[in-house]
Amino acid sequence: MQEETPLKRLAILLLALGLVLAACDSGSDDTTTTAAAAGGDETTTTAAAAAGGSMLQTVQDRGTLNCGVNDAVPGFGYTDADGNFSGFDVDYCRAVAAAVLGDANAVTFRPLTAQQRFTALQSGEIDVLIRNTTFTSSRDGREGATFLTTTFYDGQGMMVYAEDGITSIDDMANLSVCVLSGTTTELNLAARFGDTPYTPLTFDANDQLQAAFVAGQCDGWTSDKSQLAGVRSNFPESEGGPEALVILDETFSKEPLGPVVTDGDTQWAQVVNWVVLATITAEEWDLTSANVASYDGDDAGIRRFLGLEIQTDEGATTFDPGLGLPTDFATQVISQVGNYGEIFDRNVGPDTALGLSRGVNALWTDGGLLYSPPYR
Amino acid sequence: MKRPPFWRNIRVIRAALQIVAVAVVVGAFLYLGNNLRNELVAKGLPTDFSFLSQPTGVNIADSDFDPASPVWRALLVGIKNTFLLVIVGIPFLTILGTLIGVARLSTNWLVAKAAMVYVETLRNIPPLLIILFVFNAVILQLPPPRDPSTPLDWFVISNLKITGPGFAASSGAGALLAIALFAVLAAVIVGIWRTKYSETTGHHSHRVLWSLGVFVAIVLVGYFLTGRPVSMSFPDLDGRVITGGFGGLGSYFAVLIALVMYTASHVAEIVRGSIQAVPKGQTEAANAIALSGFQRLRYVILPQAFRIALPPIINQYLNFAKNTSLAIAIGFTEITLITFQAIGNGYPAPQLILLLMGAYLLFSLTISLLVNILNRRLQLVGN
């Protein structure tokens with residue numbers, strides 16, 4: 001009698017699925033009432049915690065910063081054989097930790113794939129995402145993310161084998177191109193090729209993509225130019241080394257990369273933002289990790305910035321802009337991590353394997369795009 | 001005598017327990033669904049499915065998919081690619097698994113040991129590693145697309161795409177397809193008639209020959225009547241463009257080969273166990289009436305073993321269908337890759353994951369429905 005036919009099972013499972021969908025899809029008006037009835041207190045309290053309490057307090061209570069990073073792009077976010085993280089983005093995680101906790105090493109790095117990163121941010125698994133993430137309107141709007149000051153102005157390029165003699169993307173009709181899945185580069189690639197036929201091969205990790213590229217499965221590798229430079233610098237000698245590869249001159253997208261925090265926490269967003277701005281301000285004033293601790297000049301602006309005592313009519317005081325950060329946070333950031341130029345040169349600059357020049361990532365006074373609002 | 005109160009009636013207790021169980025499950029789903037929804041609303045994230053009609057913005061390899069097409073079309077392409085893995089993979093893994101399962105019981109020492117090594121190696125390696133191995137060590141070692149090999153001029157083989165001879169259809173092919181479907185129907189009817197004839201007269205039915213003959217005759221006549229709309233087509237290479245022929249991406253073959261080999265090792269064990277579960281008397285009886293080794297397997301052992309093997313083999317079919325999701329590691333555009341791609345491109349994860357679960361559920365339930373129908377037909381009367 002109790003024969004359980006697949007049809008019955010199907011009906012039951014579809015019913016269950018339908019219920020979940022209905023629960024997700026029900027109008028927002030009755031949600032509050034059902035939540036009160038079914039969800040109870042927990043739902044409302046978690047929502048309140050997300051909206052009310054600041055991440056700044058949470059991080060300071062915890063004592064470490066959870067930072068979402070890349071672990072496969074040399075120069076930006078990379079783990080060495082011993083599991084140590086290094087790179088431009090990684091240094092900005094350290095800078096935030098230095099500002100908020102006074103210790104640049106109080107960071108728990110969370111390596112994330114391109115597809116995982118926003119979910120990790122939304123679910124609270126990470127406090128801040130610094131993983132060569134491009135600032136776009138739909139990410140700003142749909143992912144519940146707040147993008148902060150851009151740390152690296154990048155653009156998308158195409159890397160090909162020198163021996164193929166390709167000089168322009170227009171030469172690449174009917175060829176195959178490897179691209180990381182779930183990235184803005186994938187969208188720009190489709191837009192750049194337009195009606196020209198090509199074969200996109202999408203991988204979710206750089207190492208398998210590199211294997212396919214080495215085997216000649218794809219003729220081109222497209223990504224942010226800085227990433228391509230990192231890959232090219234690390235290209236194995238057995239495959240011809242960096243000289244076997246050419247990065248085409250054409251830049252076919254704008255890729256402003258910077259830190260991302262979750263929507264709805266203005267204080268935390270301001271904190272992370274001013275850490276980035278502090279590294280730029282420090283370079284404007286030639287404050288470096290070497291000289292910042294011994295600064296004893298009387299420039300009022302620099303003394304305000306570093307949280308040093310300022311003589312006023314009513315006695316000595318220190319400047320507190322009310323960001324919720326310690327008054328000496330800039331000193332901590334610069335002495336422990338460095339100013340923008342130091343971070344750039346150390347990870348991706350001319351003396352590194354990537355050998356990138358500052359280009360548009362120079363100070364505005366040098367004709368670049370880096371410009372910090374005044375700290376006062 | 002006074003009847004006990006109704007709440008001590010075993011039937012009432014059972015029904016009540018079932019109602020409670022269903023209520024708990026439904027309540028849990030509602031609670032989780034509401035929780036998800038509230039969190040999404042609190043974070044200002046979308047909770048509806050309107051994103052399905054937004055443009056995808058990407059191209060998909062080996063398809064004429066247009067970046068302006070909506071997300072749901074991309075998901076359909078993913079489902080089609082998963083389906084192509086499942087529909088081709090299941091017959092192959094069944095045949096390979098049966099052969100190896102029978103080989104494990106061979107009296108030839110070498111054959112039996114070779115089959116044992118195959119089974120014990122492959123079923124103890126995670127399928128993801130087999131896929132990565134086949135992709136990196138076999139497919140990627142083929143010549144690159146800039147310099148493909150063209151054996152016999154019948155194939156164009158590169159690590160990007162493998163193309164072989166296929167069929168090319170011109171106008172009238174639809175009519176021929178209709179005629180072919182009619183021919184299948186006619187063949188089935190003839191088969192039934194021959195079976196009845198054999199049962200009433202006792203003469204040999206030759207039903208397979210009769211059915212095949214009817215099918216071939218009708219299709220041949222139809223082929224010429226419709227003006228020969230189908231012809232052989234060989235791949236033609238012009239620079240990098242391959243026209244004609246029939247083929248698939250290298251990554252498709254990597255997943256297919258790897259998962260067929262992996263799943264066949266499990267099927268082989270089921271087949272071996274099922275053959276051993278057929279009573280020994282059956283083998284002895286077959287020997288006693290002087291059947292050859294092949295006849296013994298074909299007419300006595302395998303039909304009975306198959307009946308035992310079918311239910312556990314369903315599980316392997318389902319595993320095969322679900323394991324195709326591992327193709328994401330080598331970039332084959334099946335449904336999981338397409339879904340994660342959409343998530344990465346800014347479409348909401350909870351809704352897309354829910355759709356992905358629904359897609360695999362659909363695959364699994366369809367397979368289990370079809371095989372269960374077969375299973376019921378094979379059951380012994382009275383079971």
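Taken together, the values in this text are just the output of simple stated rules run on the coordinates, not laboratory data. The shown structure was predicted, so the numbers you read here are calculated from the model rather than taken from an experiment. For neighbour counting, all protein chains shown are included, and Cβ atoms are generated from backbone atoms with ideal geometry for every residue, glycine included.
Give the average over all directions of the projected area of the C-alpha convex hull of the stretch B:6-45, one decimal, in nm².
Numbers: hull surface 11.6 nm².
That works out to 2.9 nm², a quarter of the Cα hull's surface.
Fully extended, how many nm does the chain gain between B:ALA68 and B:ALA169 (0.36 nm per residue separation, minus their Cα-Cα distance)?
Working: separation 101, 0.36 × 101 = 36.36 nm, distance 2.86 nm.
Difference between extended and current length: 33.5 nm.
For a quick check: sort A:LYS225, B:LYS280 by the number of other beta carbons within 10 angstrom, fewest at the front.
On the way: A:LYS225 23, B:LYS280 8.
Ordered by Cβ neighbours within 10 Å, fewest first: B:LYS280, A:LYS225.
Taking a label point 7 Å from the Cα of B:PHE246 along the Cα→Cβ vector, which residues of the stretch B:202-233 have an amide N closer than 13 Å to it?
Flagged as within label range: B:230-233.
Could you give the spread of the C-alpha atoms of the stretch B:121-202 along their three principal axes, from largest to smallest, in whole angstroms?
Computed over the Cα atoms, the extents are 60, 45, 22 Å.
If you take every residue apart from B:PRO312 with its C-beta less than 15 Å away from the C-beta of B:PRO312, what net charge results, scoring Lys and Arg +1 and Asp and Glu -1? Each step should come with its number before you reach the end.
Working: positive: B:ARG123, B:ARG272, B:ARG307; negative: B:GLU269.
Net charge in that neighbourhood comes out at +2.
Find out how many positive minus negative residues lie around A:TYR78, taking Lys and Arg as positive, Asp and Glu as negative, among other residues whose Cβ is under 11 Å from that of A:TYR78. Mind showing how you got there, number by number?
Values: positive: none; negative: A:ASP71, A:ASP80, A:ASP89.
Spelling it out: positives minus negatives among the neighbours equals -3.
Taking the Cα of A:ASP298, stepping 7 Å toward and past its beta carbon, and measuring to each backbone N in the stretch A:306-344: which are under 13 Å?
Of the residues in the stretch A:306-344, A:310-312 have backbone N under 13 Å from the label point off A:ASP298.
Where Rh is the Kirkwood radius over the Cα pairs of the stretch A:94-243, the temperature 4 °C and the viscosity 1.567 mPa s, what D in µm²/s does Stokes-Einstein return? List each step's numbers first, then the result.
On the way: Rh = 17.3 Å.
Translational D for this selection: 75 µm²/s.
What's the longest uninterrupted piece of chain A once you rule out the GluC sites (Glu not before Pro) that are loop residues per DSSP with at most 12 other Cβ within 10 Å? Mind dumping the intermediate values first?
Working: sites that count: A:GLU3, A:GLU4, A:GLU309, A:GLU314.
The reported range is A:5-308.
Just subtract the alpha-carbon distance of A:ASP195 and A:ALA316 from 0.36 nm times their residue separation and send over the number in nm, one decimal. Show your work: numbers first, answer last.
Values: separation 121, 0.36 × 121 = 43.56 nm, distance 6.78 nm.
Computed gain between A:ASP195 and A:ALA316 is 36.8 nm.
How high is the FRET efficiency from B:ALA180 to B:ASN287, r the C-beta distance, R0 45 Å, rounded to 0.05? Write out the running numbers ahead of the final one.
On the way: r = 43 Å, r/R0 = 0.96.
Once rounded, the FRET efficiency stands at 0.55.
Counting pairwise Cα distances across chain B, what percent come out greater than 35 angstrom? Mind dumping the intermediate values first?
Numbers: 35674 of 73153 pairs.
The calculated P(r) of chain B puts 49 percent of pairs beyond 35 Å.
At what distance in angstrom do the alpha carbon centres of the stretch A:99-166 and the stretch B:306-350 lie from each other?
28
What ranking do B:ARG11, B:ARG272 get, fewest neighbouring Cβ atoms within 10 angstrom at the top? Please list the in-between numbers first.
Values: B:ARG11 8, B:ARG272 23.
Fewest-to-most Cβ neighbours within 10 Å comes out as B:ARG11, B:ARG272.
Considering the convex hull of the alpha carbon atoms of chain A, report its projected area averaged over all viewing directions, in nm², one decimal. Intermediate results must be reported in sequence, preceding the final value.
Numbers: hull surface 109.8 nm².
Taking the Cα atoms of chain A, their convex hull projects to 27.5 nm² on average.
At 0.36 nm per residue, and after removing the present C-alpha to C-alpha distance, how many nm does the segment from B:TRP7 to B:PHE29 gain when stretched out fully?
On the way: separation 22, 0.36 × 22 = 7.92 nm, distance 2.88 nm.
So the chain would gain 5.0 nm between B:TRP7 and B:PHE29.
Evaluate the distance, in nm, between pseudo-label points positioned 7 Å from the Cα of A:ASP82 and of B:LYS280 along their respective Cα→Cβ axes.
In this crude spin-label approximation the distance works out to 6.5 nm.
Could you line up A:CYS178, A:CYS93 from fewest to most neighbouring Cβ atoms inside 10 Å? Before the final figure, lay out each step's value.
On the way: A:CYS178 25, A:CYS93 30.
Fewest-to-most Cβ neighbours within 10 Å comes out as A:CYS178, A:CYS93.
Less than 12 Å Cβ to Cβ from A:PRO374, Lys/Arg counted +1 and Asp/Glu -1: what total charge do the surrounding residues give?
Numbers: positive: A:ARG304, A:ARG376; negative: A:GLU284.
Its environment carries a net charge of +1.
Okay, helix-only estimate at 222 nm for chain B: each DSSP H run of n ≥ 4 adds -39500 (n - 2.57), divide by all residues, round to 500 deg cm²/dmol; what do you get?
Values: 11 runs with 235 residues, N = 383.
Rounded to the nearest 500, it is -21500 deg cm²/dmol.
A:GLU125 versus B:ASP236, label points 7 Å from Cα toward the beta carbon: distance in nm?
According to this spin-label approximation, the distance is 5.1 nm.
Under 20 Å from a point 7 Å along the Cα-to-Cβ line of B:ARG146: which residues of the stretch B:215-252 have their amide N that close?
B:237-242, B:250-251
Give me the one-decimal nm value for the distance between modelled label points at B:LEU99 and B:GLN295, 7 Å along each residue's Cα-to-Cβ direction.
2.5
So for the stretch A:156-253, what are the equivalent ellipsoid semi-axes in whole Å, largest first, each being the square root of 5 times an eigenvalue of the Cα gyration tensor? Write out the running numbers ahead of the final one.
Working: eigenvalues 72, 43, 32 Å².
Listed largest to smallest, the semi-axes of the stretch A:156-253 are 19, 15, 13 Å.
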